[in-house]
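Worksheet for the structure shown next.
Read-outs: derived from the displayed coordinates by stated rules, not from any lab. None of the values given here were measured: they were computed from a predicted structure. For neighbour counting, all protein chains shown are included, and Cβ atoms are generated from backbone atoms with ideal geometry for every residue, glycine included.
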Amino acid sequence: MKILKYWVIVWLLLTSFIGNAAEVAWIGDSQLNLDEHMEFTVTDSDTLVGDEKWLSHDKKLSRSKEQYLHFRVSIQNRQSIEHSLWLVLPFPAIKHITVTDGLNTWVTGDALNFSTRPVESPDYIFPVHLKANQSTQLSGFMQGEILRYSFTLNTPEQVTALYRHNVMRDMAFFGAMSTLVIVSLIIFLATKYYSYLSFAVFTFAFGAWFFRVFGYGFELIWPNYPQINDISYGLLLYSVMVSSSWLTISLLKRQDKKVAFQNIVMAYTALLMISGLFSALFLDLNTTLVIPLYWFFPSVLLAFFITYKEFSAGSVKALWFIFAMLPFSISSAIVVAIALGLNIPVDPIGSLMLGLVSTCLLLTVMISTYLIKLLQSQRDLEQQQAYALEKLVNERTQALEASNQLLQELASKDPLTKLPNRRSLDLFVDDCIEHNAKTIGIALLDLDHFKRVNDTYGHDVGDIVLCQIAALLQPLNTADCIAGRFGGEEFAIIQRLPEKSVFAATLKALHLRVNQIVIPNYESIEVRACIGWVISEEDETISDCFRRADKRLYQAKDQGRNQLVP
């Protein structure tokens, strides 16, 4: 191994003088970007023969994963003092890399132990030496299935300060993500609410993926096992994608309802896992890591479409989800804009971290708010049931006369709205017939889209709406008029010997007051109703009169709802 290393050093020293590398001047700046000055060539081995064609940009070269990418650049020190500088490759992805400055040679890479790196850092840092008023050629080669790199020449002080800043930023990020994971797991264990578990898994996967991408895993956890680098990156990348699908479904799921297109999301996620496993077993690493990128963009569009469908169906959780995703979406857009060349004066990595943490915090608030409302609803229902049971027990201990009076009231009134029920309405009609009332006014009122209120906000809120309608109808009950609950969300108003103009004005005022109803704590609910009414004609039976009123009601619905049709 030592003999091979010596041969590499001798070869690099010899080949560093073959041809003239592009030259750039060092004038004492804290950082010098070398990407625009580097020259590249591709060979089938790590040896140069001298007739290679060097190009100024590696994008112009085609390279297979087995070939070697050679690079070189000449640094002219225009100062009369020597400089010890650091050649830095930030966030690299390189299996093997060899670098020389003519005096020293370094052999390292992601496929070698972390201890082979000249400077202990997630970045590749090579300490080079520039002699006074001389040119120094930096050269080397790299190899790997995927190559990601950028070259800068920095002072050690500048690199150290930047590294310290990045570590503080990264640790704050990982601390925030870890806190969210722990808190979510504790709440899940206490509540068994799976949205917290899905959120904890997603947050852990995303944080662990950043930990791997930034190189901390290789530096701190498996420095002597470089083969774990590729495995961990692939597993964490797929974990992020799968957990994001689970989180989306879990957050948008309403009680006892499936999310729109939930089966498609699950099938699409299963396809990702199957494709990744097949690629890992039978294809190559590059294909395995590229699959999630092609999977990601359609999945984002699918998530937006599902969220829109849930929002259109009246889901408040969908609105919360859109709001919570805004910080991460904005920060991702900033990163993409910077990658496309836009000059935005922000740290793209810090921006992405801040956006992700903000989104995670908002998602936590979203889950907690929904859980609190769910628990409050269950508690209120239990309190109502307990109160009703207590009241029933007290009533049954009363005297027989009071019990009979209560039974008579229950038989004649609707238990929820306290309005006269269907039986009372029938008795009132029978009384009108017995007293030979010449005319009867009949109006039927039906709430628009009442099922949507029950499905979206729950039956408790639906009951509140019904009681609000009852509060408007209750004053209409007199000796010659009865207003009661006909059934479900339908109500009836029956007037003995009505004056048509007065009856019409009363119904018009009622319809207006229905439209003005505001449900406390649910101001977004719009209460609307259709009313169909008639005045009985001579020789017309009550049944025919009711049929005509019902026909007017359906005519109001056909005209677009929220109509008053005589």
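Results, tabulated for the structure shown:
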{"read-out": "Chain lengthening between SER178 and LEU512 when straightened (0.36 nm per residue, less Cα-Cα)", "value": "114.7 nm"}
{"read-out": "Relative contact order of segment 416-565, defined on C-alpha pairs under 8 angstrom at six or more residues apart (%)", "value": "31 percent"}
{"read-out": "Relative contact order %, segment 159-375, counting alpha carbon pairs below 8 Å whose residues are six or more apart", "value": "18 percent"}
{"read-out": "Sum of -39500 (n - 2.57) over DSSP H runs of 4+, divided by residues of the chain (222 nm, nearest 500)", "value": "-18500 deg cm²/dmol"}
{"read-out": "ASN113-VAL290 FRET efficiency (beta carbon distance; Förster radius 35 Å; 0.05 resolution)", "value": "0.80"}
{"read-out": "Which of TRP106, TRP222 has the fewest Cβ neighbours within 10 Å, and the rest in rising order", "value": "TRP222, TRP106"}
{"read-out": "Which of LEU293, GLN31, LEU381, positive extreme of dipole for the chain (C-beta unit charges)", "value": "GLN31"}
{"read-out": "Least to most buried among LYS60, LYS65 (fewest other Cβ within 10 Å first)", "value": "LYS60, LYS65"}
{"read-out": "Contact order normalised by residue count of the chain, Cα under 8 Å, 6+ apart, percent", "value": "8 percent"}
{"read-out": "Calculated FRET efficiency for the pair LEU302/LEU281, C-beta based, R₀ 22 Å, to 0.05", "value": "0.25"}
{"read-out": "For VAL365, VAL201, order by how many other beta-carbon atoms lie within 10 Å, fewest first", "value": "VAL365, VAL201"}
{"read-out": "Förster radius 25 Å - calculated FRET efficiency between SER62 and ILE228 (Cβ-Cβ, nearest 0.05)", "value": "0.25"}
{"read-out": "Angle in degrees between helix 500-515 and the longest Cα principal axis of the chain, rounded to the nearest 10", "value": "20 degrees"}
{"read-out": "Linear extension gain, ALA25 paired with ILE542, 0.36 nm per residue minus alpha-carbon span", "value": "175.7 nm"}
{"read-out": "Assigned charges on the beta-carbon of Lys, Arg, Asp, Glu; segment 159-375 dipole about Cα centre (debye)", "value": "720 debye"}
{"read-out": "ARG528-GLN383 pseudo-label distance in nm [points 7 Å out on the Cα-to-Cβ vector]", "value": "3.4 nm"}
{"read-out": "Positive-pole candidate from LEU112, GLY102, LEU48, dipole of segment 47-120, charges at beta carbon", "value": "LEU48"}
{"read-out": "Using alpha-carbon coordinates, inclination of helix 348-396 to the longest axis of the chain, degrees", "value": "30 degrees"}
{"read-out": "When each of LYS192/LYS253; LYS413/LYS451; LYS413/LYS500; LYS257/LYS391; LYS418/LYS557; LYS253/LYS557 is checked by Cα-Cα distance, pairs over 25 Å", "value": "LYS413/LYS500; LYS257/LYS391; LYS418/LYS557; LYS253/LYS557"}
{"read-out": "Among 375-381, 493-499, 29-35, 259-265, the order from most to least packed when residues are scored by Cβ within 10 Å on average", "value": "493-499, 259-265, 29-35, 375-381"}
{"read-out": "Radius 15 Å from Cβ of SER45, net charge of other residues (Lys, Arg +1; Asp, Glu -1)", "value": "-3"}
{"read-out": "For segment 119-234, size of Cβ-based charge dipole, Lys and Arg +1, Asp and Glu -1, in debye", "value": "220 debye"}
{"read-out": "Signed unit charges on C-beta, dipole axis of the chain, positive-most listed residue SER64, SER245, ASN521", "value": "SER64"}
{"read-out": "Partner lysines for LYS131 [C-alpha distance under 30 Å; skip if fewer than 8 residues away on the same chain]", "value": "LYS2, LYS5, LYS53"}
{"read-out": "Cα-centre dipole for the chain with unit charges at Cβ (Lys and Arg positive, Asp and Glu negative), debye to 20", "value": "220 debye"}
{"read-out": "Rounded to 10°, Cα long-axis angle of helix 194-213 versus longest principal axis of the chain", "value": "20 degrees"}
